Amino acid sequence: MLFSEYILDRISPAKRSANMARIRSQNTRPEMTVRRLIHSLGYRYRLHVAQLPGRPDIVFSRKKAVIFINGCFWHQHGHPDCTKSSIPKTRHEFWNAKLQRNSERDAANYRKLDALGWTTLVIWECELNEEDSLVLKLTTFLRETK
């Protein structure tokens, strides 16, 4: 890390590392919100099936349908117009490369799932603010899949 980048960051590299280590990939608040909503609609599902590409957040095995709940920051290259998806001002090259890899990995996983006959829905963190449209999106997706 360059000295100038360290100066721009408000906290030390050790504290930043500790903060980043606490970010979960499963059972996040957005994921729990979507899971409760799907359950209230009467649907049952499996979680984080490791045998499927990308380890989808929610899996409907009988329907061959999966849902990914993406954070707007971590998957921002796939969600460019969201206000929550801005690259940090420090270590710009690092973050741009990392987030680009996330986007490429996501696209590859979606292609693999499609090739296996699975239908994929991506829900963005910012979509949770509009519960009515989210319910419509979920019910439409779940009705239209096998």
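Throughout, read-outs are computed from the coordinates displayed, never taken from laboratory work. All values reported here derive from a predicted model rather than from experimental measurement. For neighbour counting, all protein chains shown are included, and Cβ atoms are generated from backbone atoms with ideal geometry for every residue, glycine included.
Structure notes:
- Rounded to the nearest 0.05, the FRET efficiency derived from the C-beta distance between Glu131 and Arg105 at R0 = 25 Å is 0.30.
- With K and R counted +1 and D and E -1, the other residues having a Cβ less than 15 Å from that of Leu136 yield a net charge of -3.
- The packing ranking, built from the mean of other Cβ atoms within 10 Å per residue, places the peptides 134-143, 63-72 in the order 63-72, 134-143, highest first.
- Multiplying the residue separation of Lys64 and Arg143 by 0.36 nm and subtracting their alpha-carbon distance yields 27.2 nm.
- In straight-distance terms, cross-link reach from Lys89 covers every one of the lysines whose alpha-carbon lies under 16 Å from its own, apart from those fewer than eight places away in the same chain; here that gives Lys98.
- Sorted on the mean count of surrounding Cβ atoms within 10 Å across their residues, most packed first, peptides 49-62, 108-121 read 49-62, 108-121.
- Ordering of 122-128, 33-39, 94-100 by packing [mean C-beta count within 10 Å, highest first]: 122-128, 33-39, 94-100
- Amide H to amide H, with H built 1.01 Å from N, Ala65 comes under 5 Å of Phe60, Thr119, counting only residues 5 or more places away or on other chains.
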